[in-house]
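The values are calculated or read from the model by the stated rules, or taken from the named source; none is laboratory data. Please read these numbers as outputs of a predicted model, since none were measured by experiment. Note that each Cβ is placed from the backbone with ideal geometry, even for glycine, and that neighbours are counted across all protein chains shown. Just the protein is used for accessible areas: all its heavy atoms, side chains included, with ligands, DNA and RNA removed. Shrake-Rupley method; radii C 1.70, N 1.55, O 1.52, S 1.80 Å.
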Amino acid sequence: MAQLREYQKRAIAWGREHDKGFFAIDMGLGKTAILCHLLNEKEVTLVVAPLRVATITWPEELQKWRPDLTFKVLHGDTRQLVAREHHHVYIINYEGLKWLNKQSPALIKRFVHGTLVLDESTFLKGHSSVRTQLLFAMRPVFKRIYCLSGSPIGNHIQGLWPQYYMLDEGAALGENITTFRKRYCDKHPNVKFAFIPKPNAVDDIAPKVAPLTFRLNARDYLELNEPIYMRSLVKLPKETMLRYKQLLKDLVTEIRGSQVVVNGRGAAAIKVRQLLQGGVYDKKRNVLVDNHAKLDALAEKLEALDGEPVIVCIQFRSELEAIMEKFPYAKVIIGGTPAGESARIISAWNKRQVPLLVVHPRSLSHGLNMQFGGYHIIWLGLEWSLETYQQLNGRLQRMGQTKTCVIDHIVADSTIDTRILASLQANENLQQLFLGLLNEEIEENSDD
């Protein structure tokens, strides 16, 4: 059996003293291993996780750390609860909760007084989402509940409320989201129905949630080089910039003789991002190719890397079509890629057999170990979500990585790309402030 590190043993000891707790553990510190050791063979455990974490990471980690426990993944061909079949651990993805909720009470009864593990619990960030409401309803069934995330704020401070509500029914942060907003948020000055954190929100929140939280900072335990962050500016053709501005202003433009019309500013913001990536969809879902600026920049970088494995992040299928036409040897993991195929590609990547892996970041952003296959990431299409951005980068920047990771961003100059990067930086600063304050509160409490 693999050996635990000292900080993992401390986390396990803390978990055994707390029936409800939040493990705010940075990526690469082995939080799944910690939770595996908290599972009790005398209790039934339900693990809820993102799809690929549920189908790949948890089965691997259970086999490695807890071979004494039997488990079943409730997905695909094995998505069934059978009365005569009993396991110590059941694993399901967040999207599978609706199916689970429809099973008969007799089958669900097996989880009573058991353990609930919410891996990457920021998936609860939408307080009114179906998955969150289902978990709120299931909460009383379980004796022990653990949340896990290295980025608990996610993309907004409001994301903290549903996660901690699962642990204490609102004792720390308020009995409902309205109470939370009144205490810690102001209305956004420019966006209707949006909120921003009050100036001292994280200072007020940290001491309230510290007793429920176990914190591990990767910088205290991992000897990893700081990543090198690069910004590669691309000048778009003059005609593309004219169409870009026209779409934002007039919600209409013309590409290759076809009129492109969008309904509203929100749709325009998405359409111009497609334009920056090389082309937009027409009404028949055909791609109207506009430019190759980013694709040419990518080709130059791949040539310079000379076969060194690289992960390329995209946002739209139009990008994928252009990349596959130019680099047909690329492997792909996007939404809809079967779990089995993803597992085979990741295994080949870690053997350095995949020189170019094209991914949609939300299909590869949680829980997967990919540090053995390479150390380069190129963000061809940028991601608004700080959580997804950090998690994707964390696939390579983790324990076992022997190189300095290079995280490059191909950015269209003077466009929404620069706003996305600025937004990511601002949210990252807020996240680091909260986690730093949380560290201080926990250390103060332990000294007392």
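Annotations
- Contact annotation: residue pairs with Cβ atoms under 7 Å, 6 or more positions apart or on different chains, pairing a residue in region 251-272 that is over 24 Å from R419 (Cα atoms) with a partner that is of a type outside the set (D, E, K, R), are E254/V260; I255/V280; I255/L288; R256/L288; S258/L288; Q259/V252.
- With respect to being buried (at least 21 other Cβ atoms within 10 Å of the Cβ), among the aliphatic types (A, V, I, L, M) and in contact (Cβ under 8 Å) with a residue 40 or more places away in the chain, L35 fits the description.
- I420 vs. criteria open to solvent by less than 10 Å² (accessible area, probe 1.4 Å), assigned to a helix (DSSP H, G or I) and among the β-branched types (V, I, T): yes
- All strands (runs of 3 or more DSSP E) inside region 322-410 with 3 or more residues being open to solvent by 20 Å² or more (accessible area, probe 1.4 Å): none
- Checked against the criterion of being surrounded by fewer than 19 Cβ atoms within 10 Å (Cβ to Cβ) and touching a strand residue (DSSP E or B) at 6+ places or on another chain (Cβ under 7 Å), region 236-249 contains one or more residues that satisfy it.
- Taken over region 66-107, the residue count meeting the criterion of being in contact (Cβ under 8 Å) with a residue 60 or more places away in the chain and either touching a Ser or Thr at 6+ places or on another chain (Cβ under 8 Å) or surrounded by 10 or more Cβ atoms within 10 Å (Cβ to Cβ) (or both) is 2.
- Across region 152-190, the number of residues qualifying as part of a helix (DSSP H, G or I) and of a type in the set (D, E, K, R) comes to 4.
- When Y90 is tested against (1) at positive phi; (2) within 25 Å of the chain's Cα centre (by Cα), exactly one condition is not met: (1).
- Taken as a whole, the structure places R52 among residues that are open to solvent by less than 40 Å² (accessible area, probe 1.4 Å) and basic (K, R).
- Residue within region 112-123 that is modelled with pLDDT of 90 or more and aromatic (F, W, Y) present: no
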